[in-house]
1. Output the qualifying pairs, or none if there are none: Cβ atoms under 6 angstrom, residues six or more apart or on different chains, first residue in segment 71-89 and touching a residue at least 40 places away in the same chain (Cβ under 8 Å), second residue part of a helix (DSSP H, G or I).
2. Return the residue satisfying two criteria in turn: it lies in segment 1-47 and is in a helix (DSSP H, G or I) and open to solvent by less than 30 Å² (accessible area, probe 1.4 Å), and of such residues it is farthest from the ligand (Cβ to nearest atom).
3. Filter segment 66-86 for residues that are more than 12 Å from the chain's Cα centre (by Cα), in a loop (DSSP other than H, G, I, E, B) and not aromatic (Phe, Trp, Tyr); which is farthest from the ligand (Cβ to nearest atom)?
Amino acid sequence: MSDCIFCKIVAGEIPSRKVYEDEDVLAFHDVNPAAPVHFLIIPKRHVASLETCDSGHRDILGRLLLLAPKLAREQGLANGFKTVINTGVDGGQLVMHLHVHVLGGSKLQHV
Ligand code: AMP
C-alpha cells in the first residue's frame with residue numbers, strides 16, 4: 001500500500017528503531033511511547049486490521065502473538081507486559097496496518 005506509513009517503514013522509506021525483523025514480520029519502537037518500553041509488531045505484508053483477517057491469516061497472527069513474549073523478554077520486560085491491538089475507529093486504530101502494541105517497564109493501567 002503506497003500511502004501506508006507502516007508499509008513505508010517496512011520498505012525502509014521511513015526510518016524506525018528496529019526491535020526484530022524476519023522475512024514476514026517487523027517490530028520497531030513506537031515513536032510516541034505510552035510506557036517505558038513500547039514497541040509494535042507488524043506483518044510486512046499489508047493487512048489493514050484484525051477486522052479484515054480471516055483463516056488465511058492464522059499463521060501470521062500466531063507469529064505476531066508468539067513474538068510478543070520473546071521480544072518483551074529481550075527488551076527486559078521480566079515483570080510482564082501488555083499487548084494491545086486497536087481495531088477500527090471505535091477501537092482507536094490510527095494506523096490502518098495491523099499492529100500489536102507491546103508495552104511494559106512499569107505497572108500499567110488495568111483494562
Ligand atoms: P494505533 O492507534 O493502534 O493505530 O497506534 C498507532 C501507533 O503507531 C501509535 O502508537 C503511534 O505512536 C505509532 N506510530 C505512528 N507513526 C510511527 C512511526 N513512524 N514510527 C513508529 N511508531 C509510529
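The values are calculated or read from the model by the stated rules, or taken from the named source; none is laboratory data. The shown structure was predicted, so the numbers you read here are calculated from the model rather than taken from an experiment. Cβ placement follows ideal geometry from the backbone for every residue including glycine, while neighbour counts extend to all protein chains displayed. Heads up: the accessible areas ignore ligands, DNA and RNA and are worked out on the full protein's heavy atoms, side chains in. Shrake-Rupley method; radii C 1.70, N 1.55, O 1.52, S 1.80 Å.
1. 81/72
2. My answer is 7.
3. The qualifying residue farthest from the ligand (Cβ to nearest atom) is 78.
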